[in-house]
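So the structure is just underneath, and the comments pick up after that.
The values are calculated or read from the model by the stated rules, or taken from the named source; none is laboratory data. The structure presented is a predicted model; accordingly, all values stated were derived computationally and were not measured. When we count neighbours, we look across all protein chains shown, and the Cβ atoms used for this are built from the backbone with ideal geometry, even at glycine. Each accessible area value is taken on the protein alone, full model and side chains, heavy atoms only, with ligands, DNA and RNA left out. Shrake-Rupley method; radii C 1.70, N 1.55, O 1.52, S 1.80 Å.
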Amino acid sequence: MKRVVLMLAMMFIGGAVTVPTAKAQVQIQVNIGSQPLWGPVGYNQAQYYYIPDAGCYYDINRSVFVYPQGGQWITGPSLPGPYANIDLYRVHKVVINQPSPWLHDRDYRAQYGSYKGRYDQTAIRDSHINKYYANPQHPRHNEWHDNGNHNGDQNHGGYHDNGNHNGNHDNGNHNGQH
């Protein structure tokens, strides 16, 4: 009798207990507002920029440059002396979404060295895409409206600037690849 009651109780409990269903959640990180105005357009998320003209990196989250000095990697709020006059709005920047890219500096220099001296990117400051107006320093910040679309599909004023002016389509998926 105990067995029957136990089995009935288990069936009753088993029927009353709902098993939570697994739901996949996709979270897209967007850090457009924290990217510097001299950063390249076309990226909703970026951790670092590699700057071939200066042979250094920029850590977007910490707002510091990371550059070699005396055999070590040093951080600072501006480019080091020999590169202090580089126009960051003009030089090419490579978005790298890998941790501590300077630890792989030799690879990045080899892969992106040919971008040195190229002036082919639109800077966030010069973009006419509404999502970049979210940056409080953007000259058109007062025109910004958050329409919930953070994929770069919504333009302001009908002008689409994909940040790539050499005829290729920029899909914004650049995890250290250009």
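Tabulated data
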quantity: Close pairs from the stretch 82-93: first among the acidic types (D, E), partner open to solvent by 80 Å² or more (accessible area, probe 1.4 Å), Cβ under 9 Å, at least 6 apart; calculated: D87/Y119
quantity: Number of positions in the stretch 42-99 that are of a type outside the set (A, V, I, L, M, F, W, C), at pLDDT 95 or above and out of contact with any helix residue (DSSP H, G or I) (no Cβ under 9 Å at 6 or more places or on another chain); calculated: 13
quantity: Pair list, Cβ < 6 Å and 6+ apart or interchain, from the stretch 56-76 residues that are under 23 Å from Q45 (Cβ atoms) to residues that are polar (S, T, N, Q) and open to solvent by less than 20 Å² (accessible area, probe 1.4 Å); calculated: I60/Q35
